[in-house]
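Enquirer: Quick one: the structure is below, and I'll ask about it shortly.
The values are calculated or read from the model by the stated rules, or taken from the named source; none is laboratory data. The structure presented is a predicted model; accordingly, all values stated were derived computationally and were not measured. Note: ideal-geometry Cβ built from the backbone for every residue, glycine included; neighbour counts use all protein chains shown. Surface areas here come from the heavy atoms of the whole protein model, side chains and all, with no ligands, DNA or RNA. Shrake-Rupley method; radii C 1.70, N 1.55, O 1.52, S 1.80 Å.
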Amino acid sequence: MRVRLGSLKKIGIAAEGIAVFILLCILISPESDTSRSAVSDEAQKDYIKWVDFDVTAEAMEAAYECDLDAHENGVDVGFVELLAYTAAKNGGKFGSRDLTVIEDLYETIRSGEATIDELTRDLNYYSYYLEAYSAVLGGFVGEYEIETAGEGEEGDTVWEERYGLKVFSPIAKGFEYSDYDDFGAARSYGYQRQHLGHDMTGQIGTPIICVESGYVEALGWNQYGGWRIGIRSFDQKRYYYYAHLRQNYPYAEGLEEGSIVTAGDVIGYLGHTGYSTTENVNNIDIPHLHFGIQLIFDESQKEGNNEIWIDCYQITRFLSRNRSLTEKIQGTKEWKRVYDMKESGAKAKETG
């Protein structure tokens, strides 16, 4: 049968009109309220869906040193703002030249030539990088109290108020480890997937340290991670994942879901458990800590297809400057930190 082009157009227009009519009927129908509301709510949600974190350890170090000077001299700019400005300038890709950008920016603000608000008012994507980097690094720098060795008898300690880095390397001080940037590498156990974390190879039993203060959100066995711990930051933005912990004795004594933990605490011990549906099995060839950082801008991103895991290799390089000193508890398998720390966020969580 032959149909002229004009007839085809009329048929197409008619079909389109019928489809629109049917859609309107569905949307108007009382029975579709829930579906329509869900679609509408999802459409209205405005939050970051993905973050490529490519800030180098050297850039974090440079911004951190500027932050310390700014705090001491009353300059209104911080660690995250300096990095966000630089990322907006370089498209989020950091190199050696960006250290000069950070230092020049800080000197401009320090000298009073301009404020960070003035310099970023019309800077494309600055607001995006500020929000994204605040989610990654927001709990890293601030005020805290730390216990230090006193000048009196051996074992005597005193408390000092400080401003600076209040997060720690996930590996305790004095314990050797090796690593490289393995984020995104292929994994095949269970199904083909990408490695969404950072592996730090070391000896079985090495104390694993809480990087940032928060509360234990997950604890127990997972067939991929073995014995693992998930710790959520108090601002809810970061979820720290520690996996493949030691067989038979994976966790620090007393640790349980809901526990409040302070940055620098011993939370577990390095091992090679996992890759098994049966609990307490060593199926990982090389003992190591799998360390991951997940960003959460909306609770719908916590689990499922919308998860945001960042490459944290450069972060672990930066944090290697701050490793928690631990000591063995004689007669046990336990280790504990030598010098304790206090944070206002932890106090608020405990009393609230």
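Enquirer: For the stretch 183-229, give me each residue that is over 21 Å from Arg317 (Cα atoms), charged (D, E, K, R) and either surrounded by 23 or more Cβ atoms within 10 Å (Cβ to Cβ) or touching a His at 6+ places or on another chain (Cβ under 6 Å) (or both).
Expert: Arg187, Arg228
Conditions tested, residue by residue: (1) closer than 28 Å to Tyr313 by Cβ; (2) in contact (Cβ under 8 Å) with a residue 24 or more places away in the chain; (3) in a strand (DSSP E or B).
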residue	(1), (2), (3)
Leu130	yes, yes, no
Tyr133	yes, yes, no
Val136	yes, yes, no
Gly139	yes, yes, no
Ile146	yes, yes, yes
Glu151	no, no, no
Arg162	yes, no, yes
Ser169	yes, yes, no
Glu176	yes, yes, no
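Enquirer: Being in contact with a Phe, Trp or Tyr (Cβ under 7 Å, 6 or more places away or on another chain), under 30 Å from Trp309 (Cα atoms) and not aliphatic (A, V, I, L, M) is the filter here, so list the residues in the stretch 143-176 that pass it.
Expert: Glu143, Lys166, Pro170
Enquirer: Follow-up. In the stretch 105-116, which residues are charged (D, E, K, R) and exposed (fewer than 11 other Cβ atoms within 10 Å of the Cβ)? Walk me through it before giving the result.
Expert: Kept after step one, since they are charged (D, E, K, R), are these residues of the stretch 105-116: 107, 110, 113.
Scanning the stretch 105-116 gives a single hit, Glu113.
Enquirer: Please specify each residue of the stretch 230-252 satisfying the condition of being open to solvent by less than 20 Å² (accessible area, probe 1.4 Å), among the aromatic types (Phe, Trp, Tyr) and within 18 Å of Gly202 (Cα to Cα).
Expert: Tyr242
Enquirer: So, one more: Count, please, the residues in the stretch 236-252 that happen to be closer than 21 Å to Asp311 by Cβ, in contact (Cβ under 8 Å) with a residue 60 or more places away in the chain and part of a loop (DSSP other than H, G, I, E, B).
Expert: So the answer is 1.
Enquirer: Still on this structure, I have one more. Using beta carbons and a limit of 7 Å, which pairs, at least six apart or on different chains, have the first residue in the stretch 85-114 and at positive phi and the second one open to solvent by 50 Å² or more (accessible area, probe 1.4 Å) and not hydrophobic (A, V, I, L, M, F, W, C)?
Expert: Note: pairs meeting the criteria are Gly92/Asp52; Gly92/Asp54.
Enquirer: I'm checking my understanding of the structure. Among residues of the stretch 136-148 that are within 16 Å of Leu82 (Cβ to Cβ) and among the small types (Gly, Ala, Ser), which one is most open to solvent (accessible area, probe 1.4 Å)?
Expert: Restricting to residues being within 16 Å of Leu82 (Cβ to Cβ) and among the small types (Gly, Ala, Ser), the top hit is Gly138.
Enquirer: Which residues, taken from the stretch 44-72, are in a helix (DSSP H, G or I) and open to solvent by 80 Å² or more (accessible area, probe 1.4 Å)?
Expert: Gln44, Glu58, Glu65, His71, Glu72
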